[in-house]
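Let me begin by presenting the structure, written as structure tokens, before commenting on it.
The values are calculated or read from the model by the stated rules, or taken from the named source; none is laboratory data. Quick caveat: nothing in here was measured; it's all calculated off a predicted structure. For neighbour counting, all protein chains shown are included, and Cβ atoms are generated from backbone atoms with ideal geometry for every residue, glycine included.
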Amino acid sequence: MNINLEEKFAEQYDKKAHAIYFTPGRVNLIGEHIDYNGGLVMPCAITLGTWLAIAPNQDHKFRFKSLNFENESIVESNVLNEKDGNHWANYPVGVINEMIKDGKEITGLDFLFYGNIPIGSGLSSSASIEIATAYALNTHFNLGYDKLELVKIAKRVENDFIGLNSGIMDQFAVAFGEKNKAIVLDCETLKYKMVDVELGKYVLAIINTNKPRELADSKYNERVAECQTALKQLNEEITLHYLCELNAEKFALHSHVITDEVILNRATHVVKENDRVHLAAKALNGGNLEEFGRLMYASHESLRNLYEVSGKELDAVVDFCKDYEHVIGARMTGAGFGGCAIALLEKGFEEDFAKHLTDYYVAKIGYPAAIYISEIGGGPTSL
Ligand code: ADP
Ligand code: MG
């Protein structure tokens, strides 16, 4: 972190911070658009994240300040369940709210947040601020929640209080992340396995296309519906709850029942992407990063051509990476149509990569992308 949060807290509140916490953001390494098809995702926590300093107060209020936003918020404890428009403090307010509803005693507290995750770019700054708040409260008030309970609280905040119909991956990844490990997660059953990711001479480059994600929501719903159509047609021949119950081989035996080419493409992506997650876990277990990189490229191709959720900005980044000698794999990550791409970049080439990618991207797209270098980091901690 390039700022001193303790000092900032003292400046803002004229008293000492009682405790400081860190919570990461996340990327999904592979397994895209398959969580709602019973497939596996493979997210990891990143070393970009949200810092939170807190101190108790005696006046039964909750004060929220963020170094990322000008507008602060002061909430009386008896109006916690009211949402304040689009105010960022709705995230921490929602968390306190959920815990109080759950019968916990939470008394006045002053908060100061700072995040170095690009906000609104698909790296889950929202899950990060939710889990940061939940983790801090759980620790400070000794509430006795386990990690999965914190994840579920944060998800309820995002779904019911913020009003975003998202799955559990983000909160899960942020809370369960471990250094140099990816999480292979079934978002339906919440069964998961940790996989070692020894990046060795590589780092994770995260490239924010800086393109607003305006299409993402409607297209997301459209893809969900298309997958349901494929599932329905396959069920004329074989009983299935999810597309990902089939691997590519079994899918090939039944895919003839899908008559529409677009629907067939969507289902083909889903089934093969899920196979790729299994192959990726195997590659990582065997320490074969090159193979993992190839699977990242294959995932991107499939999202671009079969699932059609990429776009010229994400494609420009991945096309550049393919031609750049010191990258062994790259793909869009998240819902698509903008947001971020990730790449496995050889250490020592960070500056060279950023310079050449920026030139290429600006020439093609007209404005710069933002490049972040990250490692695979751990979950929430007290500092
Ligand atoms: P993403 O999760 O992809 O970054 P979202 O739109 O889901 O994007 O969440 C971003 C919102 O989360 C911000 O607009 C803000 O309300 C809140 N947020 C995230 N990080 C911070 C922070 N450091 N300080 C205050 N609010 C934050
Ligand atoms: Mg979010």
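Within region 36-90, count every residue that is within 19 Å of the chain's Cα centre (by Cα), within 16 Å of ligand 2 (Cβ to nearest atom) and in a strand (DSSP E or B).
Number satisfying all stated conditions: 7.
Which of the numbered conditions does THR139 fail, given that it passes all the others? Conditions: (1) away from ligand 2 (no atom under 16 Å from the Cβ); (2) crowded, with 18+ Cβ neighbours inside 10 Å.
Going through the list (1) away from ligand 2 (no atom under 16 Å from the Cβ); (2) crowded, with 18+ Cβ neighbours inside 10 Å, THR139 breaks only (2).
Look at ASN90 and say whether it is out of contact with any Asp or Glu (no Cβ under 8 Å at 6 or more places or on another chain) and surrounded by 14 or more Cβ atoms within 10 Å (Cβ to Cβ).
Working: out of contact with any Asp or Glu (no Cβ under 8 Å at 6 or more places or on another chain): no; surrounded by 14 or more Cβ atoms within 10 Å (Cβ to Cβ): yes.
No: the conditions fail for ASN90.
Can you name every one of the strands (runs of 3 or more DSSP E) wholly within region 317-383 that holds 3 or more residues which are closer than 30 Å to ILE54 by Cα and touching a residue at least 12 places away in the same chain (Cβ under 8 Å)? Step through it out loud before you land on a result.
Details: elements: 327-333, 340-346, 370-374.
Answer list for region 317-383: 370-374.
Run down ILE183, ILE206 and say which single residue is in a strand (DSSP E or B), within 14 Å of ligand 1 (Cβ to nearest atom) and either in contact with an Asp or Glu (Cβ under 8 Å, 6 or more places away or on another chain) or β-branched (Val, Ile, Thr) (or both).
Numbers: ILE183 fails: within 14 Å of ligand 1 (Cβ to nearest atom).
Matching residue, one of ILE183, ILE206: ILE206.
Of these, ALA225, ALA230, which one is more than 30 Å from PHE353 (Cβ to Cβ) and either crowded, with 23+ Cβ neighbours inside 10 Å or within 16 Å of ligand 1 (Cβ to nearest atom) (or both)?
On the way: ALA225 fails: either crowded, with 23+ Cβ neighbours inside 10 Å or within 16 Å of ligand 1 (Cβ to nearest atom) (or both).
Going through ALA225, ALA230 in turn, the sole match is ALA230.
May I ask you to list the residues in region 98-136 that are within 16 Å of ligand 2 (Cβ to nearest atom), of a type in the set (A, V, I, L, M) and in a loop (DSSP other than H, G, I, E, B)? Let's see the steps before the verdict.
Keep residues of region 98-136 that are within 16 Å of ligand 2 (Cβ to nearest atom), which gives 113, 115-134.
Right, trim to of a type in the set (A, V, I, L, M) and you get 117, 119, 123, 127, 129, 131-132, 134.
Passing the criteria: ILE117, ILE119, LEU123.
From ALA248, ALA267, which residue is surrounded by fewer than 18 Cβ atoms within 10 Å (Cβ to Cβ), hydrophobic (A, V, I, L, M, F, W, C), touching a helix residue (DSSP H, G or I) at 6+ places or on another chain (Cβ under 6 Å) and at pLDDT 95 or above? Lay out the reasoning, then the answer.
Values: ALA267 fails: surrounded by fewer than 18 Cβ atoms within 10 Å (Cβ to Cβ).
Testing whether each residue is surrounded by fewer than 18 Cβ atoms within 10 Å (Cβ to Cβ), hydrophobic (A, V, I, L, M, F, W, C), touching a helix residue (DSSP H, G or I) at 6+ places or on another chain (Cβ under 6 Å) and at pLDDT 95 or above leaves just ALA248.
In region 146-158, what residues are away from ligand 1 (no atom under 12 Å from the Cβ) and either of a type in the set (Lys, Arg) or assigned to a helix (DSSP H, G or I) (or both)?
If the condition is that a residue be away from ligand 1 (no atom under 12 Å from the Cβ) and either of a type in the set (Lys, Arg) or assigned to a helix (DSSP H, G or I) (or both), then LYS147, LEU148, GLU149, LEU150, VAL151, LYS152, ILE153, LYS155, ARG156 are the ones that fit.
Return the residue satisfying two criteria in turn: it lies in region 247-259 and is touching a residue at least 12 places away in the same chain (Cβ under 8 Å) and within 16 Å of ASN235 (Cα to Cα), and of such residues it is nearest to the chain's Cα centre (by Cα). Outline the logic, then answer.
Quick first cut of region 247-259, residues touching a residue at least 12 places away in the same chain (Cβ under 8 Å) only: 247-248, 251, 254-255, 257-259.
With within 16 Å of ASN235 (Cα to Cα) added as a condition, the list becomes 247, 251, 254-255, 257-259.
Working: ASN247: 26, PHE251: 29, HIS254: 33, SER255: 32, VAL257: 35, ILE258: 32, THR259: 34 Å.
Selected residue: ASN247.
So which pairs qualify, if the first residue must be in region 114-135 and touching a residue at least 24 places away in the same chain (Cβ under 8 Å) and farther than 15 Å from ALA45 by Cα, the second must be near ligand 1 (Cβ under 6 Å from one of its atoms) and in a loop (DSSP other than H, G, I, E, B), the Cβ gap must be under 7 Å, and the two must be at least 6 apart or on different chains?
As it stands, the answer is TYR114/ASN68; ILE119/ASN68, since those pairs meet every condition given.
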